[in-house]
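Quick one: structure below, then a few questions.
The values are calculated or read from the model by the stated rules, or taken from the named source; none is laboratory data. Remember, it's a predicted structure, so these values are computed and weren't measured experimentally. Quick reminder, even Gly has a Cβ in these numbers, built from the backbone with ideal geometry, and neighbours come from all protein chains shown.
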Amino acid sequence: MTPAIEIRGLRAGYGDRIAIDDVDLSIARGSLTAIFGPNGGGKSTLLKCIAGLMTPRAGTISVLGEPVGVAAKRIAYVPQAEQVDWSFPITVEEVVAMGRTPLIGPLRRPSAADRAAVRAALERVDMLDAAERQIGALSGGQRRRVFLARAIASDPEIYLLDEPVTGVDPTTQEKIMNVLDDEAKRGRTVIATTHDLACAAQRFHDVVALAGRVIVHGAAQLVLDREVLEKTYGGHLVPLSGGGVMLLDDPHHSHGSHEGHE
Ligand code: ADP
Ligand code: MG
C-alpha cells in the first residue's frame with residue numbers, strides 16, 4: 001500500500017527565506033506522528049505544504065499516492081490557534097458544519113445526515129452542549145476541541161493538526177489525545193506538531209524532529225534521546241510540557257523552570 005504521505009526533496013519558504021529544505025519523509029497510513037522542534041523550525045510550513053496551502057520551491061509531495069491538490073478533500077488541516085481570527089461571529093455548530101462543506105459542496109443545503117455528523121463530531125470532543133455558543137466566547141482548550149470536531153466532521157483520511165494541545169489543560173489534552181488515538185486505530189493517519197515532548201513520547205507512535213531539515217524520524221521514544229534533542233534544539237533550550245524549559249548545555253545544574261507535567 002502506498003504511504004499516507006511521501007515527500008522527496010522538499011524545499012519551502014517565504015520571500016527570500018528558506019524555511020525547510022531537503023525534507024524527505026514517508027509517513028505510513030494509520031500512524032500517529034508528532035512533529036517537534038524549535039520555534040521557526042518549519043513545522044507549520046511543512047503542514048501547510050502537505051495541506052496544499054503553500055507551493056513548494058522544490059521537491060514532490062504525494063498524499064495517498066496522489067498529488068497534493070487532487071488529495072485535498074481527503075485531508076483535514078487545523079491551523080495553529082494564533083492563525084485563526086476568533087472574533088469572527090460564528091457559532092460552534094457553524095464552525096463544525098464547515099467541515100462538511102467539501103463533502104456536500106457550497107451550494108447544496110446540509111442534509112439530516114450532515115447535521116447528524118456535525119453533532120456526532122461535537123459529541124466526540126465533548127462540546128455538544130456548547131453547539132449554540134459563539135466560538136469567540138470559548139476558552140482556548142474549548143476552541144481547540146471545536147476545531148478538532150470540524151476536522152472529524154469532514155471524515156478525513158489524514159489529519160494535519162498544528163499544535164492541537166498547546167496551552168490546553170491536562171484534561172483537555174487527554175481528551176484530544178484519546179480522540180486522535182481512536183482515529184489512528186481506525187486507520188486514519190494523524191500528524192500533529194507539538195512542543196510537549198512528554199506527550200509526544202507517551203501518546204504518539206512516531207516522531208519527526210524538524211529544525212529546518214529533518215533531524216530524525218522514528219519511534220516516539222526518540223524525543224527523550226539527549227543526542228536527538230541537542231541536534232534538534234542546538235544544545236540550548238528544550239521546551240517542556242506546561243511551558244517550562246530545560247537548558248541542555250550544563251548537565252550538572254538543573255536550570256529547569258516549572259516543568260508543568262506531573
Ligand atoms: P514553526 O511552526 O516550527 O515555528 P514556521 O513554519 O512557522 O515554524 O516558520 C519557519 C520559518 O519561516 C521561520 O523562520 C518563520 O519566521 C518563517 N515564516 C513563517 N511564516 C512566515 C510568513 N508568513 N512570512 C514570512 N516568514 C514566515
Ligand atoms: Mg508553527
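Taking the criterion of being in contact (Cβ under 8 Å) with a residue 12 or more places away in the chain, within 14 Å of ligand 1 (Cβ to nearest atom) and touching a helix residue (DSSP H, G or I) at 6+ places or on another chain (Cβ under 7 Å), would at least one residue in the range 1-10 satisfy it? Steps first, answer last, please.
Looking only at the range 1-10, we keep the residues that are in contact (Cβ under 8 Å) with a residue 12 or more places away in the chain, and these are 1-10.
Retained after the next criterion (residues that are within 14 Å of ligand 1 (Cβ to nearest atom)): 10.
Retained after the next criterion (residues that are touching a helix residue (DSSP H, G or I) at 6+ places or on another chain (Cβ under 7 Å)): 10.
Yes: the range 1-10 contains one or more residues that are in contact (Cβ under 8 Å) with a residue 12 or more places away in the chain, within 14 Å of ligand 1 (Cβ to nearest atom) and touching a helix residue (DSSP H, G or I) at 6+ places or on another chain (Cβ under 7 Å).
Turning to a different aspect of this structure: List the pairs whose first member sits in the range 198-222 and is touching a residue at least 12 places away in the same chain (Cβ under 8 Å) and part of a strand (DSSP E or B), whose second member is more than 16 Å from ligand 2 (Cβ to nearest atom) and polar (S, T, N, Q), and whose Cβ atoms are under 6 Å apart, counting only residues at least 6 apart or on separate chains?
Close Cβ pairs satisfying both conditions: D206/S31.
Can G41 be described as in contact with a helix residue (DSSP H, G or I) (Cβ under 7 Å, 6 or more places away or on another chain) and either in contact (Cβ under 8 Å) with a residue 60 or more places away in the chain or within 12 Å of ligand 1 (Cβ to nearest atom) (or both)?
On the way: in contact with a helix residue (DSSP H, G or I) (Cβ under 7 Å, 6 or more places away or on another chain): no; either in contact (Cβ under 8 Å) with a residue 60 or more places away in the chain or within 12 Å of ligand 1 (Cβ to nearest atom) (or both): yes.
For G41, the condition - in contact with a helix residue (DSSP H, G or I) (Cβ under 7 Å, 6 or more places away or on another chain) and either in contact (Cβ under 8 Å) with a residue 60 or more places away in the chain or within 12 Å of ligand 1 (Cβ to nearest atom) (or both) - is not met.
Here's a check for you: in the range 226-243, which residue that is modelled with pLDDT of 85 or more and out of contact with any Phe, Trp or Tyr (no Cβ under 8 Å at 6 or more places or on another chain) is surrounded by the fewest Cβ atoms within 10 Å (Cβ to Cβ)? Show your work before the answer.
From the range 226-243, those modelled with pLDDT of 85 or more are 227-233; that's our starting set.
Pick out the ones that are also out of contact with any Phe, Trp or Tyr (no Cβ under 8 Å at 6 or more places or on another chain) and you get 227-231, 233.
Details: E227: 10, V228: 18, L229: 20, E230: 15, K231: 14, Y233: 21.
The residue in question is E227.
Mind listing whichever residues of the range 113-158 are within 16 Å of ligand 2 (Cβ to nearest atom) and crowded, with 18+ Cβ neighbours inside 10 Å? Full working, then the answer.
Of the range 113-158, the ones within 16 Å of ligand 2 (Cβ to nearest atom) are 140, 144, 147.
If the condition is that a residue be within 16 Å of ligand 2 (Cβ to nearest atom) and crowded, with 18+ Cβ neighbours inside 10 Å, then R144, F147 are the ones that fit.
Looking only at residues in the range 54-83 that are within 13 Å of ligand 2 (Cβ to nearest atom) and among the hydrophobic types (A, V, I, L, M, F, W, C), which one is farthest from T193 (Cα to Cα)?
Applying the filter and picking the extreme gives M54.
Can you go through A97, A34, A19, A12 and tell me which one is more than 25 Å from V216 (Cα to Cα), of a type outside the set (S, T, Y) and not in a loop (DSSP other than H, G, I, E, B)?
Numbers: A34 fails: more than 25 Å from V216 (Cα to Cα); A19 fails: more than 25 Å from V216 (Cα to Cα); A12 fails: more than 25 Å from V216 (Cα to Cα).
Only one candidate qualifies: A97.
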